[in-house]
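The values are calculated or read from the model by the stated rules, or taken from the named source; none is laboratory data. Remember, it's a predicted structure, so these values are computed and weren't measured experimentally. Note: ideal-geometry Cβ built from the backbone for every residue, glycine included; neighbour counts use all protein chains shown. Please note that ligands, DNA and RNA were not included when accessible areas were found on the heavy atoms of the full protein model with its side chains. Shrake-Rupley method; radii C 1.70, N 1.55, O 1.52, S 1.80 Å.
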Amino acid sequence: MADLARLVEGQVEGDADRTIESIQTLELAGPQDLSFLNHARYREQAEASAAGALLVTPALAPGLRRSASASQASQDRDLVLVADPTRALAQLLPLFHPRPARRPGVHPTAIVEDGAAVDPTAHIGPYAVVGQGSRVGAGAVVEAHTVLGESCEVGEGAFLHPHVVLYDGTRVGAGCEIHSGAILGSDGFGYATHRGVHQKVPQVGRVVLENEVEVGANSTIDRATLGETRVGAGTKIDNLVQVGHNVQIGRASILCGQAGIAGSSRLGDGVVLAGQAGVGGHLTLGDGVQVAAKSAALTSVNPGVTVAGIPATEMRKWRREIVLRSRLAEFNRRLSELERHAGIEEARREDRI
Amino acid sequence: MADLARLVEGQVEGDADRTIESIQTLELAGPQDLSFLNHARYREQAEASAAGALLVTPALAPGLRRSASASQASQDRDLVLVADPTRALAQLLPLFHPRPARRPGVHPTAIVEDGAAVDPTAHIGPYAVVGQGSRVGAGAVVEAHTVLGESCEVGEGAFLHPHVVLYDGTRVGAGCEIHSGAILGSDGFGYATHRGVHQKVPQVGRVVLENEVEVGANSTIDRATLGETRVGAGTKIDNLVQVGHNVQIGRASILCGQAGIAGSSRLGDGVVLAGQAGVGGHLTLGDGVQVAAKSAALTSVNPGVTVAGIPATEMRKWRREIVLRSRLAEFNRRLSELERHAGIEEARREDRI
Amino acid sequence: MADLARLVEGQVEGDADRTIESIQTLELAGPQDLSFLNHARYREQAEASAAGALLVTPALAPGLRRSASASQASQDRDLVLVADPTRALAQLLPLFHPRPARRPGVHPTAIVEDGAAVDPTAHIGPYAVVGQGSRVGAGAVVEAHTVLGESCEVGEGAFLHPHVVLYDGTRVGAGCEIHSGAILGSDGFGYATHRGVHQKVPQVGRVVLENEVEVGANSTIDRATLGETRVGAGTKIDNLVQVGHNVQIGRASILCGQAGIAGSSRLGDGVVLAGQAGVGGHLTLGDGVQVAAKSAALTSVNPGVTVAGIPATEMRKWRREIVLRSRLAEFNRRLSELERHAGIEEARREDRI
């Protein structure tokens, strides 16, 4: 275990020579396993766990040396103290679960069209289609049934899971990971309405993902009307997220599940959209802006500000408003009491509650 | 018609010997057709319908023996009285519309990789891919273009529509039905953020669907970081639903369209998430909890409680608050009147409404 | 440029003989390019743009003849005055970006099943599947991996992008465009619950798209239980939209990204659902109804009315309520002052804010 601890710059409390066979959840871990505790809310499970060793912060560590597990009650447990157990997990898991290697080469059922260039170290899976003039970089993986239109680029080491679609001209940077069902480069939603008829504005721009972007399953990123829809390096996008045409997203932003961004908005670096959040069109969210779950940013937001609500306001204001809203019945009673006190005629008002 | 009535434990009012040729909507049904009325809101359409027979509750039946249809005005109509017309419909429709049979066998264009085992009574459609070590059970159907990764299991009689993706290790129980575009086992959304860089936490768990689960089109269920994301037997999931990593869902729950559950939350048995509802991460929703449409459960909810709003509170409280919110202009007027009455200076306040 | 101006019924201010090489965004356009300004919010970018010519409304035109671009500061710019620059864009872009032609014919890897009829001028891409008895009309395009079930119809000139799925019996009208990952005809979400078990109500109806409908990437439209789910001519649907079973949508409606409609609701002509809006089941939204972003129409709405909020009310009322909600702390202070003034005991109330 000492070597694992060294790798995560952790400090061992207990037996540094313990052998770790795998990493498991608190529930599934046994004496040969390493588990982790990264939040006080799971303290009880950690105490009850039969895990032989735990990744844990110094603050949560006290009292965890002895397992309360029925089967392991008498057994001592070892701890690896780290500043961030989740980060340690990110560092250690690949040792126990290396990503399955993909054989270089093009599957015989895959179609690589004229003028497409696939690096000999890349993997193209069954039934994949690589369109004319597209390029797949060194070590990239294009899995089964994934379709690249014409003139796409897939960067070095990028990984496209099965059933991804890249429309013509899409660029996926090095080290990106695109999950199944994600659609990059579909037409933006743009129409000119004239006498009740919606005439399509051709969408002739493209989508560019910079390096190390992850896109979740069944998310959609529309091509620009003109120019580019762009997602900055290191930004991570969850499942079922919608990114409208001409949106610009900065670096290292986080878009959680089912979030959506309407056309032409600009998000800075390190922006966080929580689950099911929405951002209106033509807005600017500065660096570090956070939009709370289920909230809708309908105006631009200054850098560093966290907003919540529909329409979203500063989180602090929204929290206060939520509490005040829960007091409306009380306000009504106080009004009635004041009116009685002042001798104001109640009959004029309807009291529906 | 007597045999149909017997099958649904219904009581015929009228001609039990009437021949029923098909089941139709109230609008489309003619004298040879059976239709149904399961809610008072469609009473008028039922009266106007030319349907020769109706499945209806005893409470809604009176007055429906005679059709008010222009074309059928003079015709008597027969009724089949049942406690639950929708249930009767579920029982009768398969007689008139048996599910199309799929030929057992593997389509010549399908790819079954080494060590995969397909039961001889199963159907594997065109261009489907069954990965190494995966198993497809008796009578199961894997339709066109569906991709099973490595070491997946598809239970007896399960039905996977075209364009489903199962990532490695996914288990689909017996009798499950998975609609097109559903992605099971995609990576959970987990990162350790260190100095502004989001480092991926490898997602090495899996997804398990117990028996008789239905998953709607383009829904996504993420694999666990470690361990399992699990959906209990008989749970039904609509389209475009997101289920985060490590979520545990009990038996016979209902997740309506575009609902979403953030990571590690636990839902009990018989939980209902209405359309576009959201559930935050690391929460517990007890058995029988219901979350109203467009609401967001951001704290845990006790068994049997129905919640609504953002953040969700008890439905009763939320309803009251909605009414009170609509009275805010009135509250403001009453405050102003009291202030006038008390001689309090109005000028100090801004009155923006 | 004179010919372009004529095409859009625009009036040239400046050099009508200028040569236009392409249409570009304000940021990317150079002296040989035409760009456009359709909203005052982009005035500054328009001034700074190096575009040689601009499509602009007469109202926004004054002062734009001279570019403020650093590189082009001394250069005059030409304007094309039009009533609707977006419409002009829709008219001109196809000249510069004609849709890539698809070769008529069936790709050798595509599967056209028995009794299917593909017009000789249609294009069927690699690995596409056209099920038994399906028909693909003249000039229609069915791209790679798209799957048509049995007895589907694809109208003249319709364009199905890669990875679309049509379940059995789906009809797609002439001139429709269906983006990747869209699923048409998946089962509606209908169960009869009896003693805690959800028994599936077979969904045996179908989906009909009238002519010139567009459906965005990964959107889902469920088949009817009986009869039809129908989308009227010229209606445009964005990405990740859910349309429930038996929904009827009128002509020229607009459903923005991630909007959802529960089963059996009816939308009139020219209805607009903004992003992430929801519509409950069994409701009627009259012609021209608009539902604001992130709002939920939970009751029927009369023609021409714009609603917002959860539950949605008239936009005007909702706007007023939003302002009043932001004044709740003020209301509380005013109540306290009145109570002090009246000598009412404060101790009885809790003051949590």
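The table for this structure:
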read-out: Copy-to-copy label separations for A:A342, where each label sits 7 Å from Cα toward Cβ, in nm and ascending; value: 0.8, 0.8
read-out: Label zone at A:T299, where the point sits 7 Å out along the Cα-to-Cβ direction: the stretch C:287-322 residues whose backbone N lies under 16 Å; value: C:319-322
read-out: At 7 Å out from Cα toward Cβ: A:A117 inter-copy label distances (nm, ascending); value: 4.7, 4.7
read-out: Complex-versus-alone comparison for the stretch C:18-47, residues with a loss of 30 Å² or more in accessible area, probe 1.4 Å; value: C:T25, C:R41, C:Y42
read-out: Table column - 3J(HN,Hα) (Hz), the stretch B:242-254, Karplus curve with 6.51, -1.76, 1.60, x for Gly and Pro; value: 10, 10, x, 5, 6, 5, 10, 10, x, 8, 6, 8, 10
read-out: Rounded accessible area of B:E156 (nearest 10 Å², 1.4 Å probe); value: 130 Å²
read-out: Reduction of at least 40 Å² in accessible surface, 1.4 Å probe, comparing all protein chains with the chain by itself, residues of the stretch C:155-178; value: C:H163, C:V165, C:Y167
read-out: 7 Å along Cα→Cβ, label-point gaps from C:S22 to other copies, nm, shortest first; value: 5.4, 5.4
read-out: The stretch C:264-279 - phi-based ³J(HN,Hα) in whole Hz, Karplus 6.51/-1.76/1.60, Gly and Pro as x; value: 6, 7, 10, 10, x, 7, x, 6, 10, 9, 6, x, 6, 6, x, 10
read-out: Carbon + sulfur, % of accessible area of the stretch C:158-201 - ligands and nucleic acids excluded, 1.4 Å; value: 52 percent
read-out: Between the stretch A:84-155 and the stretch B:119-169, the alpha-carbon center distance in angstrom; value: 23 Å
read-out: For C:A296, residues with placed amide H under 5 Å, excluding near neighbours; value: C:G278, C:G309, C:I310, C:A312
read-out: Using θ = phi - 60° and Karplus 6.51 cos²θ - 1.76 cosθ + 1.60, couplings along the stretch C:49-61 (whole Hz; Gly, Pro as x); value: 5, 8, 4, x, 8, 10, 7, 7, 6, x, 5, 8, 5
read-out: Added length on full extension, which subtracts the Cα-Cα distance from 0.36 nm per residue, B:R333 to B:S22; value: 105.9 nm
read-out: Interface burial for A against B (accessible surface, 1.4 Å probe, total of both chains, Å², rounded to 100); value: 5400 Å²
read-out: Normalised contact order of chain A, rounded percent, pairs of Cα under 8 Å and 6 or more residues apart; value: 6 percent
read-out: Anchor B:K317: lysines whose Cα lies under 24 Å away (excluding residues fewer than 8 positions away in-chain); value: A:K294, A:K317, B:K294, C:K294, C:K317
read-out: For the stretch A:186-335: relative contact order, % (alpha-carbon pairs under 8 angstrom, 6 or more apart); value: 13 percent
read-out: Averaged over A:210-222, number of beta-carbon atoms from partner chains that fall within 10 Å; value: 6
read-out: Peptide C:337-343, shielding by other chains (average Cβ, 10 Å cutoff); value: 6
read-out: Rel. contact order, % - alpha carbon contacts under 8 angstrom, at least six apart, the stretch C:1-103; value: 28 percent
read-out: Accessible area of chain B divided out per residue, in Å², using a probe of 1.4 angstrom; value: 38 Å²
read-out: Cut-off under 5 Å, modelled amide H: who pairs with B:L267 long-range; value: B:Q248, B:I249, B:G250, B:L285
read-out: Amide H partners (placed H, <5 Å) of A:T193, local residues excluded; value: A:Q199
read-out: Accessible-area value, B:E228, 1.4 Å probe, nucleic acids and ligands omitted, Å²; value: 50 Å²
read-out: Label-to-label distance, nm, for residues given as C:L7 and B:H194 (7 Å Cα→Cβ offset); value: 5.6 nm
read-out: FRET efficiency, C:A59 to B:I344 (Cβ-Cβ, R0 56 Å, nearest 0.05); value: 0.75
read-out: Computed [θ] at 222 nm, deg cm²/dmol, chain A (DSSP H ≥ 4; -39,500 (n - 2.57); rounded to nearest 500); value: -4000 deg cm²/dmol
read-out: Chain lengthening between C:T121 and C:D15 when straightened (0.36 nm per residue, less Cα-Cα); value: 33.8 nm
read-out: Average other protein chain Cβ within 10 Å of Cβ, residues C:268-277; value: 4
read-out: Accessible surface ranking that places the most exposed of B:F96, B:F159 first, with a 1.4 angstrom probe; value: B:F96, B:F159
